[in-house]
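Notes follow once the structure below has been shown.
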Amino acid sequence: MSIFLAIGAVVLSELFLFAPIALFLEYGWPVRKKAILAPFSNEVVKKYFQAFHPNDPRGSKGTRQDFEKEFVDRYGRRHYVVPSVILGLVSVYLVVLSVNSLFQHATGSTPFFSDVLSPITVAAFCGAYVWVVADLIARERTLDLSTTHVHWATFRLIVSLPLGFAFSQFATNDKVGLGVAILAGAFPGQTLGKMARRIAGKQLGIDDPPGDKRTRLDNLQNIDTTVSDRFVDEGITTIPQLAYADPVDITMRTGFKFIFVVDCVSQALLWVYMEDYYAAAKANGFRGALEVCGFLQEREDAENKGENQIFDDMRMLEQKRKVMEAFAVQAKVPVDVIEEQMDYIWNDTWVGFLVDLTDDGE
């Protein structure tokens, strides 16, 4: 009888573990793909290849079909196969060991084989399993599940055994040790890594390099510490890096919404050109490079009407002139300097891609 109960426990554990991944691949991944592909017309695709893949032979001849094929090749669901297989092998092995050990400790008999794990080791694995399943469920709900997250789940399960045992050595008795092991197993791997680095750094008298505070991502309006950490995890640590990063790639790697990433890149591009008076730019309504281009386009359209300008056009031009004067006063530079930087932004290849992308997406 115990063998059937044990097999049922193993099967249910695996189903519960893989259900979020399966649901994401069936429903969530197509939604993310659609959200990203929607604003890409043939013209936008050409500019995308020119900006981020200049050596791609498709270049100026790229079409939406080319972009969709590129997207599937780089981020398609087939990339989840290997991480999922590895997770399945590791989880089945550890679940079988843990279920076998739990039966031994509870009933005195083993359903599979005689070798068993210690209670502390089983407790650590249970903590890790709970954390992994909870994390996968949350990511499936928010459509934020990449192949890297599946690898992290596997790592979390593997490292839980030695980690739980190590943490339990600080416990005063066996009962406390079991609780400590479960909690240690449930700690996120990245959190544990940061804790380990801080402890080691304190012992060795080594601090993390301070970096350049001016280029920190959290200087941008959209980015707080949590968002910044997500970008840093993907190797984007400074504003210039973000400004010229591929927004499609960032979206798929971070799990952020595409429109949010585009806005962050737009703000970063504005910072690149107006670092010294970025605060003044924001104060006058220029959140990012896209807002600068919108401002210049509206002004140009009104000026091009010439004698056909109506009262609203003239009033708008007057308002824009006052905005530029206020901007220059706050930035403590001549208006000509602001105009020059805006022209640079207007002619930037990456900014041009964002403008066409958002225009086609509206």
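The values are calculated or read from the model by the stated rules, or taken from the named source; none is laboratory data. Because the structure is a prediction, the values reported are computed rather than measured. Note that each Cβ is placed from the backbone with ideal geometry, even for glycine, and that neighbours are counted across all protein chains shown.
Some notes on this structure:
- Those helices (runs of 4 or more DSSP H) of the stretch 187-271 in which 3 or more residues are over 25 Å from Lys34 (Cα atoms), at pLDDT below 80 and of a type in the set (A, V, I, L, M, F, W, C) occupy 189-204.
- Yes/no for Gly8 being closer than 25 Å to Val133 by Cβ, in the same structural domain as His151 (by TED's automatic domain parsing) and surrounded by fewer than 16 Cβ atoms within 10 Å (Cβ to Cβ): yes
- Some residue of the stretch 159-167 being modelled with pLDDT of 85 or more and assigned by TED's automatic domain parsing to the domain that holds Leu102: yes
- Positions within the stretch 105-121 being crowded, with 20+ Cβ neighbours inside 10 Å and closer than 18 Å to Gly8 by Cα, in sequence order: Pro111
- Test: Val82 is among the aliphatic types (A, V, I, L, M), surrounded by 15 or more Cβ atoms within 10 Å (Cβ to Cβ) and on the phi < 0 side of the Ramachandran plot: no
- Residue tally, condition more than 14 Å from Val272 (Cα to Cα) and touching a Phe, Trp or Tyr at 6+ places or on another chain (Cβ under 6 Å), over the stretch 320-352: 1
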